[in-house]
Amino acid sequence: MITHPLDRPEDVERAAAAFREDGYVVLDGLCTEDDVAHFRRLRERAVADTQFTDGTDDRPLFVTDLVERYPREVWPTVSRPALVRFAEAVMGPRVQLDSTVLFGAPAMEPELRRLPVHWHRDRFGSFPRGGYAHPLLIICFLYLQPMTDDAGPLRVVPGSHRRAVTIEPDALDLPHPEERLLATRPGHLVVIHHNLLHSGTHSVLAEERQFLGIGFNTSAMRQDDTFTGPNCTALARTARRTGDRRALRLLGRDDTINLRQNAGFTTPEDPVWARWADEDDRALNPEEDKAVRTARAALLPDGPQGPTA
């Protein structure tokens, strides 16, 4: 399994090229094993909070709206500059958060070991007819345990975001001849194109199969999470004070939306995207931004890494 760091601009471009070719990429170095342990603890806290508000002892499969619920714990990861730069490299500098989720699936029967959960393409998808199209949505998976055969690794069909790969209804829960199982370790971040055929794999471990999921879409689209609560509003107010267009955009407040979503599209996008990224860089107030990052770093829980990492 090939992994990609995002330490330098050329690393970002190599990872973006692999993403465009295969429809997915495994990123390394963005998250640590301490971050993974932190999100495992947050999953338990989020489950307990949901059980309390719902008045039940049932464990929810999904807990969503994580930035609003737990800004100190989640915002530093979803706004990490290297991750946002990668998202911009494949979607353009018009990236917003779509959703954040802590997922936990219970163990299944042993006879389901190594079998897919269900093949699908994701929201906003379509059946490919050949050729590459920029994603409207990318999905990031930070798995919270080693993805062994027993734990249930993500399985993908490389290139199926471009090719007309068909799976008949009676084969949606069966292995695919072109599939690739991603045996990731804690700290790896898998990013997929929304049109990529993929499936989870049933877990037979005693513990939950867990991941932190982060969705990014383009700023002209609706967001699945809610970013209008008091915590997200405060994050946006701070971003506006520091001139941080990227943070504002992540939170669904894109002052450049009319220009960037209706740019004419008569020339290749690479130089246009580079110009937009430079405009966003120059809009940032470095002194205000540094003060905010310093203040937040002192208040972070024991992981994840701060947004300057």
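The values are calculated or read from the model by the stated rules, or taken from the named source; none is laboratory data. This structure is a prediction, so every number in the text was calculated from the model and none was measured. Methodologically, a virtual Cβ is constructed for each residue, glycine included, from the backbone with ideal geometry; neighbour enumeration extends over all protein chains shown. In case anyone asks, the SASA skips ligands and DNA or RNA and just uses the protein heavy atoms, side chains included. Shrake-Rupley method; radii C 1.70, N 1.55, O 1.52, S 1.80 Å.
Things to note:
- In order through region 280-287: 3J(HN,Hα) via Karplus (6.51 cos²θ - 1.76 cosθ + 1.60), integer Hz, x for Gly, Pro: 5, 4, 6, 6, 6, 8, x, 5
- In this label model, D270 and R163 are separated by 2.5 nm, measuring between points 7 Å along each Cα→Cβ vector.
- Beta bridge orientation in the chain: antiparallel %, DSSP, nearest 5: 95
- Cα convex hull of region 119-165, projected area averaged across orientations, nm²: 4.1
- From the coordinates shown, mean projected area of the Cα convex hull in nm² corresponds to which of (i) 16.3; (ii) 15.4; (iii) 17.3: (i)
- Peptide packing: for 105-115, 265-275, 180-190, 130-140, the average count of neighbouring Cβ atoms within 10 Å per residue gives the ranking 180-190, 130-140, 105-115, 265-275, highest mean first.
- What separates the Cα centres of region 236-294 and region 103-134 is a distance of 33 Å.
- Rounded to the nearest 20, the Cβ-based charge dipole of the chain about its Cα centre (Lys and Arg +1, Asp and Glu -1) stands at 760 debye.
- Sequence-distant contacts, meaning Cα pairs under 8 Å at least 6 residues apart, place the relative contact order of region 159-309 at 18 percent.
- Counting only heavy atoms of the protein chains and using a 1.4 Å probe, D149 has close to 60 Å² of accessible surface.
- Under 16 Å from the E178 label point (7 Å along Cα→beta-carbon), backbone N, region 105-120: 119-120
- Region 159-308: Cα Rg divided by the 2.2 N^0.38 Å rule of thumb: 1.37
- Divided by 2.2 N^0.38 Å, where N counts the residues, the Cα radius of gyration of region 6-146 comes to 1.19.
- Scoring 118-126, 62-70 by mean Cβ neighbours within 10 Å over their residues and listing the highest first yields 62-70, 118-126.
- The calculated FRET efficiency for the pair E207 and T53, based on their C-beta separation and a Förster distance of 22 Å, comes to about 0.35.
- A283-I2 pseudo-label distance in nm [points 7 Å out on the Cα-to-Cβ vector]: 3.4
- Assigned charges on the beta-carbon of Lys, Arg, Asp, Glu; region 27-103 dipole about Cα centre (debye): 220
- Dipole of the chain, positive direction: furthest Cα of Q223, T166, L112, with charges on the beta-carbon: Q223
- Zone residues, region 1-33, relative to R185, backbone N less than 16 Å from point 7 Å out along Cα-to-Cβ: 1-5, 26-33
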